[in-house]
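The values are calculated or read from the model by the stated rules, or taken from the named source; none is laboratory data. Computed from a predicted model, the values in this text were never measured in an experiment. Heads up, the Cβs are rebuilt from the backbone with ideal geometry, glycines too, and the neighbour counts pull from every protein chain shown.
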Amino acid sequence: MEYVGYTDGSEEVVFRGDVHSGEFIALWLKDGKINAGMNVNVWDASETIRDLIEKKVEIDSTALTDPEVDLGTLG
């Protein structure tokens, strides 16, 4: 498990992947922008999540939760 960013708990949480299988990414969004992310048994995602947090761009949550969409293309 890796965590990056900061959340104060007031953000919307969206999930990418299968939470029940234990392989997923949780992302905390405020105003459509990612404030924090946690990848659980998903490798090589923390740098991409960090980049998306730093870019502070609004991201469509439907695309964000779709595992078929490459995270790196969303910023």
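Remarks
- Residue count for region 15-30, restricted to those that are surrounded by fewer than 17 Cβ atoms within 10 Å (Cβ to Cβ) and in contact with a helix residue (DSSP H, G or I) (Cβ under 7 Å, 6 or more places away or on another chain): 1
- Any hit, region 22-31, residues being touching a Pro at 6+ places or on another chain (Cβ under 8 Å) and in a strand (DSSP E or B): no
- In this structure, residue 34 qualifies as touching a Leu at 6+ places or on another chain (Cβ under 9 Å) and among the hydrophobic types (A, V, I, L, M, F, W, C).
Listed here are the residues, each with its yes/no results for (1) of a type in the set (Ser, Thr, Tyr); (2) exposed (fewer than 15 other Cβ atoms within 10 Å of the Cβ); (3) at pLDDT 90 or above; (4) assigned to a loop (DSSP other than H, G, I, E, B).
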| residue | (1), (2), (3), (4) |
| --- | --- |
| 34 | no, no, yes, no |
| 39 | no, no, yes, no |
| 42 | no, no, yes, yes |
| 75 | no, yes, no, yes |
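- Exactly one residue out of 8, 51 is acidic (Asp, Glu) and part of a loop (DSSP other than H, G, I, E, B), and it is 8.
- Selection of first residues in region 22-39 that are acidic (Asp, Glu) and of second residues that are part of a strand (DSSP E or B), restricted to Cβ pairs under 7 Å at least 6 apart or on distinct chains, gives the following pairs, ordered by first then second residue: 23/17; 23/40.
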